[in-house]
Amino acid sequence: MNEALQQRILRRLASLPDERGYQILDYVEFLESKYAERAAGSGFLSKLTETAEDTMRAAGVPIRVITGTMGIAESASKVMKGVAAAASAAVDEAVRVATPAREVERAESGQPRAEPKAPTP
């Protein structure tokens, strides 16, 4: 879908109540199944959240409760993404700090610096 069309649809959706939004979601999912279009791959947390949301809708849970629950799930997802980014940064920093330390240890022990090997034909 082109960017202009996507933005136009999003502007229209923003003014609708959640109940109408769920009706539109049902229709979009119907179109996906009818025309065998696949949605972009989503992560584990997204799939889990969507399944929980669909289950609550099928059970007749009030829209207000579903909306609140999905807000909490979205917040939890953002926290998990932040934790993953922080862990990745910590690992990158540890590797960066450890690399020069290895070179110093080799120099102090008299071991020659590891030179990259040339590929053999």
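Points to keep in mind about this one:
- Percent of Cα pairs exceeding the 18 Å cut-off, where the set is segment 3-105: 67 percent
- Cα centroid separation - segment 1-20 against segment 28-92, whole Å: 19 Å
- Under the Karplus curve 6.51 cos²θ - 1.76 cosθ + 1.60, θ = phi - 60°, whole-Hz ³J(HN,Hα) for segment 70-85, x wherever Gly or Pro sits: 5, x, 5, 4, 5, 4, 4, 4, 5, 5, 4, 5, x, 5, 5, 5
- Protection-proxy order for peptides 72-79, 48-55, 88-95, each taking the mean of Cβ atoms within 10 Å per residue, highest first: 48-55, 72-79, 88-95
A short reminder: the numbers here are calculations on the coordinates, not readings from a lab. The model shown is predicted, which means the values in this text are computed figures rather than measured ones. No Cβ is skipped: glycine too gets one built from the backbone with ideal geometry, and neighbour counts run over all protein chains shown.
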